[in-house]
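Working notes, structure below.
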Amino acid sequence: GGFIEPEKKRFNYGVCSSARTWHTTTNLTRRLSALSPVFLARDVKDVRTPEMLSGPERDAFNRPSVTVLLKEHAGATYVFAVNATMEQVSARIFTGLAGASAGTVLYEDRAVKGEAGAFEDTFEPFAVHIYKFDSKP
């Protein structure tokens with residue numbers, strides 16, 4: 001990608017425009033590739049809307065501030081959660097996994113504690129977190 005328009009003094013060399021852009025792009029494509037079998041798995045039905053503990057209840061389009069998608073793949077449940085607001089929020093997210101006590105937050109080197117089929121986490125503005133729980137603890 002990219003473009004070069006010398007007459008307008010505009011130069012964009014696409015993903016190669018800087019080491020940071022290249023690094024960000026390659027990391028994203030690696031993560032998407034690794035998660036592709038999870039993306040292709042069926043969605044978990046009847047997902048409860050997260051309970052907002054702090055921050056705005058709704059986003060700019062009047063939808064819940066945090067949206068979740070649950071997927072089951074290869075003996076694990078994955079939770080994709082997105083904060084759609086420009087403010088920090090904290091939420092209780094429901095997994096339905098009554099026996100799961102801890103989940104790994106992928107790509108963040110941390111974990112969340114699950115209890116009674118739910119866990120709590122904090123999201124920076126527009127943050128995305130991906131959690132992995134063993135379906136059978």
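Within segment 28-137, list the GluC sites (Glu not before Pro) lying in a DSSP loop whose Cβ has at most 14 other Cβ atoms in a 10 Å radius.
Here the GluC sites (Glu not before Pro) that fit, given the DSSP loop and packing criteria, are Glu57, Glu87, Glu108.
Restricting to Cα pairs below 8 Å that are 6+ residues apart, what does the relative contact order work out to for segment 1-129? Please round to a whole percent.
18 percent
Pull out a ≥ b ≥ c, the square roots of the eigenvalues of the alpha-carbon gyration tensor of segment 36-90, then state rounded if a/c is under 1.5, prolate if not and a/b is larger than b/c, and oblate in the remaining case.
Prolate, because a/c is 1.5 or more and a/b exceeds b/c.
Can you work out the PRE-style zone for Lys132? Point 7 Å along Cα to Cβ, and I want the residues of segment 35-54 with backbone N under 13 Å.
Inside the label zone: 35-39.
In the chain, what percent of the accessible surface is made up of carbon and sulfur (1.4 Å probe, ligands and nucleic acids excluded)?
Looking at the chain in its full context, I get 53 percent from C and S.
Please determine, in degrees from 0 to 90 and to the nearest 10, the orientation of helix 19-40 with respect to the longest principal axis defined by the Cα atoms of the chain, where the helix direction is its Cα long axis.
Value to nearest ten degrees: 40.
222 nm [θ] for the chain, helices only, -39500 (n - 2.57) per DSSP H run of 4+, per residue, to 500?
Here the helix-only value at 222 nm equals -5500 deg cm²/dmol.
List the aspartates and glutamates whose alpha-carbon lies under 14 Å from that of Lys8, not counting same-chain residues fewer than 8 positions away?
none
Please work out the FRET efficiency for the pair His73 and Glu51, using the Cβ-Cβ distance as r and a Förster radius of 30 Å; give the result to the nearest 0.05.
Given R0 = 30 Å and the Cβ-Cβ separation, E is 0.70.
With P(r) over Cα pairs in 5 Å bins from 0, in percent as the read-out, I listed [x] 2, 9, 15, 15, 14, 14, 12, 9, 5, 3, 1, 0, 0; [y] 2, 9, 16, 18, 16, 13, 9, 6, 5, 3, 2, 1, 0; [z] 2, 13, 22, 24, 20, 12, 5, 1, 0; which label goes with the value calculated from this structure?
[y]
Please report the accessible area of Ser36 (heavy atoms, 1.4 Å probe, ligands and nucleic acids excluded) in Å², nearest 10.
It works out to around 50 Å².
What distance in nm separates the simple spin-label points at Ser90 and Thr24, each placed 7 Å from Cα in the Cβ direction?
2.9 nm
Under 8 Å for C-alpha pairs, at least 6 residues apart: give me the relative contact order for segment 96-137, rounded to a whole percent.
Rounded, it is 47 percent for segment 96-137.
Let me know the longest stretch in the chain that avoids all chymotrypsin sites (Phe, Trp or Tyr not before Pro) found in a DSSP loop with at most 15 other C-beta atoms within 10 Å.
14-60
Would you please name the trypsin sites (Lys or Arg not before Pro) within segment 15-74 that are DSSP coil residues with at most 14 other C-beta atoms within 10 Å of their C-beta?
Here the trypsin sites (Lys or Arg not before Pro) that fit, given the DSSP loop and packing criteria, are Arg42, Lys45, Arg48.
With every protein chain left in place, what is the accessible area per residue of the chain in square angstrom, probe 1.4 Å?
66 Å²
The values are calculated or read from the model by the stated rules, or taken from the named source; none is laboratory data. From a predicted model like this one, the values you see are computed outputs, not experimental measurements. Cβ atoms come from the backbone with ideal geometry, glycine included; neighbour counts cover every protein chain shown. Surface areas here come from the heavy atoms of the whole protein model, side chains and all, with no ligands, DNA or RNA. Shrake-Rupley method; radii C 1.70, N 1.55, O 1.52, S 1.80 Å.
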